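Structure, as structure tokens:
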Amino acid sequence: MEQAYHTPSEASCDRRATYASLQSQVSSLVSGERNFIGVLANVSSLLRMTFGERFFWVGFYLVSEGKLRLGPFQGTMACFTIEQGRGVCGTAWARNESIIVDDVEQFPGHIACSSESRSEIVVPLHDASGAVTGVLDIDSRETGAFDLIDREGLEAVCRLLDKEKFDIQWL
């Protein structure tokens with residue numbers, strides 16, 4: 001079977017459209033919903049189902065008692081607790097910024113929760129004051145799997161999940 005060839009611009013447009021669709025779906029998921037853990041479970045499933053094997057691990061770590069603690073996820077087993085400033089997730093939390101790592105073996109202090117991870121993107125979640133309350137962590141088995149389109153799309157999804165929309169404790 002012959003595969004269709006897509007130029008980079010076509011692929012970029014397709015992924016931008018995919019992220020726009022995801023934003024709409026996540027917006028519907030959170031509308032009027034107070035079950036934050038359930039929302040995170042559904043969003044991690046939605047992201048994993050949408051991107052399939054490209055996103056082999058998708059999950060959330062939530063700030064609790066001064067550490068990132070494992071929340072809802074889809075994929076292989078994961079680390080339970082991450083210190084602020086450690087690994088990609090802890091660094092994204094400490095810097096309060098999204099981080100894309102093309103090759104996790106080259107990231108100083110990378111925490112190898114899974115030996116299958118080759119690249120990673122981490123996007124912070126915030127409360128009403130802008131403080132980081134958790135992170136979305138996505139791993140790929142391919143190096144260089146994430147780019148600006150992914151960062152922008154996932155940041156838009158995470159803005160829909162910011163804690164001020166929910167009236168519950170994280171953990």
Taking only the range 140-150 into account, find how many residues are open to solvent by 10 Å² or more (accessible area, probe 1.4 Å) and outside any loop (DSSP other than H, G, I, E, B). 2
Just name the residue that is most open to solvent (accessible area, probe 1.4 Å) out of those in the range 26-40 that are part of a helix (DSSP H, G or I) and out of contact with any helix residue (DSSP H, G or I) (no Cβ under 6 Å at 6 or more places or on another chain). SER28
Filtering the range 52-96 down to residues that are surrounded by 21 or more Cβ atoms within 10 Å (Cβ to Cβ), among the small types (Gly, Ala, Ser) and assigned to a strand (DSSP E or B) yields GLY59, GLY71
Residue that is surrounded by the most Cβ atoms within 10 Å (Cβ to Cβ), among those in the range 116-139 that are in contact with a Lys or Arg (Cβ under 6 Å, 6 or more places away or on another chain) and either in a strand (DSSP E or B) or among the acidic types (Asp, Glu) (or both): THR133
With the structure loaded, tell me whether VAL43 is at pLDDT 90 or above and part of a helix (DSSP H, G or I) or whether it fails that test. yes
Looking only at the range 99-110, decide whether some residue is acidic (Asp, Glu) and in a strand (DSSP E or B). no
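The values are calculated or read from the model by the stated rules, or taken from the named source; none is laboratory data. Quantities reported herein were computed from a predicted structural model and do not represent experimental measurements. Please note: Cβ atoms are built from the backbone with ideal geometry, for glycine as well, and neighbour counts cover all protein chains shown. Quick note on the areas: whole protein, heavy atoms, side chains included, nothing else; ligands and nucleic acids left out. Shrake-Rupley method; radii C 1.70, N 1.55, O 1.52, S 1.80 Å.
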